[in-house]
Each structure stands twice: as C-alpha cells, then as structure tokens.
Amino acid sequence: MSTNKVYGDAPNSIPLKELPSRWEYSDPAFQEGISEEFTIDHSKHSLFGASKAAADLMVQEYGRYFGMATCCLRGGCLTGPQHSGVELHGFLSYLVKCNIEGRDYKVYGYKGKQVRDNIHSEDVAAFMYQFYLNPQCAEVYNLGGGKENSCSILEAFELTRSITGVSQRYTYVEQNRIGDHICYYSDLRKMKSHYPTWSITKSLPQIIEEISHAWKKRLG
Ligand SMILES: NC(=O)c1ccc[n+]([C@@H]2O[C@H](COP(=O)([O-])OP(=O)(O)OC[C@H]3O[C@@H](n4cnc5c(N)ncnc54)[C@H](O)[C@@H]3O)[C@@H](O)[C@H]2O)c1
C-alpha cells in the first residue's frame, strides 16, 4: 500500500480554476485526474511521503530486477464504515463523526475547497483480488475513487448534511497544512484498462451513508 503522497506537493503546480464549492484542474491533460506517470520527484513530500516513495521504488525494483509479481497501490482517501478517522487521518470518516457528535470541524486553508477522491474499502479489496487473480510485474496504480467520487470539504459538509440532516459547524483556519494537496483525484483509466471487470461500486453518497450509520452505532 503506497499513497498519493509519493507525488509530494507537485500536483499543486497544475493550473487550477476556482469553482463555487471546489478547486478543479483547468489543464485539460488532467480532466480524468492524476495518472501514474505523474512525477514523484522534485517536490516536498513530508517524511511520511518520502518514506512511502522509497518503499514504492523498492517494491517496483523487486518486480523489475527479480521478475516478481509486485504492485504499488498509490491510495487516495481509502475509507469505509470501519474507518476510525481522526483529525489528521481519515478525512471523510472524521468529518462524518464530527457531524454526528455536533462537534466543530477545523478547515485548514484553500477556502475549504480542497478536493480528495474517496474509495470504499470493499472496492479497494476487490481491486486487490483482481490483481491476485491476474498478477503483473512491477505495476503501479493510483487507487482512489476517481473524479466521480471526489469532493471538496465544503461539498462533503453538504453531502453529509443531506444524509444526517445536520449542518456542519466549522472554524476556518487561514493557514493550510504544509504540502497539502489543493486538488487531487486519481485517474482510474489504467486500473480499468488492465482489469476491465473492476470498477467503483460504491458512490460517494453511499460511502457517507455507510460511515454515518456505522458511527451512530459505534457511538451509541
Ligand atoms: N486510509 C487511507 O486514506 C490511505 C491512503 C493512502 C494509503 N494508505 C495506506 O494503506 C495502508 C492501510 O491504511 P489504513 O488506512 O487501512 O490503516 P488502518 O490503520 O485502518 O489499518 C492498518 C492495519 O495494519 C495492521 N497493522 C499495523 N501494524 C502491523 C504490523 N506490524 N503487522 C501486521 N499488521 C499490522 C493494523 O492492525 C490495521 O489492521 C497503509 O499502508 C496506509 O499508509 C491509506
């Protein structure tokens, strides 16, 4: 399991346009999102991202050098009803939890319009299973929810409100997190072309609904 943090903050150099509730790529080359060809070099990663990039290259090397079946899955936001999101990890799970508990959510910079793609854990597992059935050598995939399952924080507030009926209280903090992606969603075309029977089966509203249901049960 690799991560989209291997791309460091380089995705922030893609020209963007500001829409009412989100940032969006304005360069047509990124209409479908970020592909596996995107540079992992010459950018700020965080130590976590750099350590993942090192492991990602090692895994690819075992594939290329020794001919082993290896795979790096560069995850976007992987989530689901069992996710235990906290403030710095698991954005959607944590956001829904804050909504259900009536807690304030802190938005760090970018006007709350920063975009992430979200994928249900069952769709993650389904892709792993497809790879297991038909393994490749030294492959790399950007595993996320893609454009369809992408949302900004503001859009996630609205989607959650439409499911729980509760408007999210939030505080805006001007300073963005260091190296945080402004807009990131995965280009799923390589995954789909290598494994045509695989596709996203859980939409974003379905994911939020499941997370919301699970938190209500867990929190009593
Ligand atoms: N969740 C995301 O949004 C996301 C995004 C990109 C990449 N990833 C990567 O996906 C992987 C899984 O992340 P997650 O969000 O599901 O995390 P998680 O914390 O939900 O799951 C991690 C699992 O690893 C197990 N584990 C931890 N240390 C272990 C050890 N020493 N031996 C065996 N098992 C151990 C834990 O028990 C847990 O079941 C991680 O490598 C993470 O970096 C996650």
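Ile40 passes every criterion in (1) of a type in the set (A, V, I, L, M); (2) more than 13 Å from the ligand (Cβ to nearest atom); (3) touching a strand residue (DSSP E or B) at 6+ places or on another chain (Cβ under 6 Å) apart from (3).
Taking the criterion of being within 14 Å of Ser21 (Cα to Cα), over 15 Å from the mean Cα position of the chain (by Cα) and aliphatic (A, V, I, L, M), the only residue of the range 107-134 that qualifies is Val107.
Examine the range 14-35 for a residue that is farther than 25 Å from Lys113 by Cα and either under 16 Å from the mean Cα position of the chain (by Cα) or more than 16 Å from the ligand (Cβ to nearest atom) (or both), and state whether such a residue exists. The answer is no; no qualifying residue exists. Taking each residue of the range 182-209 that is farther than 23 Å from Arg22 by Cβ and looking for partners that are among the small types (Gly, Ala, Ser) and not in a loop (DSSP other than H, G, I, E, B) with beta-carbon atoms closer than 7 Å, six or more apart or interchain, yields Trp198/Ala126. Kindly indicate whether Val6 is touching an Asp or Glu at 6+ places or on another chain (Cβ under 6 Å) and within 16 Å of the ligand (Cβ to nearest atom). Yes: the conditions hold for Val6. Within the range 72-83, residues that are more than 8 Å from the ligand (Cβ to nearest atom) sit with their Cβ atoms under 9 Å from residues that are at pLDDT 95 or above and part of a strand (DSSP E or B), at 6+ positions apart or across chains, in these pairs: Cys72/Ser2; Cys72/Glu139; Cys72/Val140; Cys72/Tyr141; Gly80/Ile119; Gly80/His120; Pro81/His120. Looking at the structure I just gave you, is Cys137 surrounded by 14 or more Cβ atoms within 10 Å (Cβ to Cβ) and in a loop (DSSP other than H, G, I, E, B)? Spelling it out, Cys137 is indeed surrounded by 14 or more Cβ atoms within 10 Å (Cβ to Cβ) and in a loop (DSSP other than H, G, I, E, B). Kindly indicate whether Val124 is within 13 Å of the ligand (Cβ to nearest atom) and more than 23 Å from Ser162 (Cα to Cα). Yes. Comparison of Tyr141, Tyr195 shows that the only residue that is of a type in the set (Ser, Thr, Tyr), at pLDDT 95 or above and under 20 Å from Phe38 (Cα atoms) is Tyr141. Of the set (1) more than 16 Å from the ligand (Cβ to nearest atom); (2) over 14 Å from the mean Cα position of the chain (by Cα); (3) within 16 Å of Asp180 (Cβ to Cβ), all apply to Glu87 but (1). Screening Lys106, Lys111, Lys97 for residues that are assigned to a strand (DSSP E or B), over 30 Å from Tyr195 (Cα atoms) and at pLDDT 95 or above leaves exactly one candidate, Lys106. Across the range 44-71, the number of residues qualifying as acidic (Asp, Glu) and within 12 Å of the ligand (Cβ to nearest atom) comes to 1. Close contacts from the range 1-30, counting a first residue that is over 17 Å from Ser150 (Cβ atoms) and a second that is more than 16 Å from the ligand (Cβ to nearest atom) and at pLDDT 95 or above, with Cβ to Cβ under 6 Å and a gap of 6+ residues or different chains, come to Gly8/Ser43; Gly8/Lys44; Asp9/Ser43; Asp9/Lys44; Ala10/Thr39; Ala10/Ser43; Pro15/Ser26; Pro15/Asp27.
The values are calculated or read from the model by the stated rules, or taken from the named source; none is laboratory data. Predicted model only: the values in this text are computed from it and were never measured. Here Cβ is always computed from backbone atoms with ideal geometry, including for glycine, and neighbour counts include all displayed protein chains.
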